């Protein structure tokens, strides 16, 4: 990912290092690290993310 900070902060988590992008009907939720992007989960855009689903 060329610009990892361009994804929006996940509203359910509200942490600047956890972001999401939308692709089709899906939310791709990821964590920004210094040299790495870690995909945390992929959800349908209709599903809310439960904070306990993410273990950053």
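Scanning segment 1-16 for residues that are assigned to a loop (DSSP other than H, G, I, E, B) and either modelled with pLDDT of 95 or more or exposed (fewer than 11 other Cβ atoms within 10 Å of the Cβ) (or both) turns up 2, 3, 11, 14, 16. Residue 40 satisfies every condition listed in (1) surrounded by 11 or more Cβ atoms within 10 Å (Cβ to Cβ); (2) in a loop (DSSP other than H, G, I, E, B) except (2).
Please find, within segment 17-35, the residue that is surrounded by the most Cβ atoms within 10 Å (Cβ to Cβ) out of those that are at pLDDT 90 or above and outside any strand (DSSP E or B). Once the filter is applied, the top-ranked residue is 17.
Name the residue that is surrounded by the fewest Cβ atoms within 10 Å (Cβ to Cβ), counting only residues in segment 43-56 that are in a loop (DSSP other than H, G, I, E, B) and touching a strand residue (DSSP E or B) at 6+ places or on another chain (Cβ under 9 Å). Here the residue is 55.
The values are calculated or read from the model by the stated rules, or taken from the named source; none is laboratory data. Given the structure is predicted, the values throughout are model-derived calculations rather than measurements. Please note: Cβ atoms are built from the backbone with ideal geometry, for glycine as well, and neighbour counts cover all protein chains shown.
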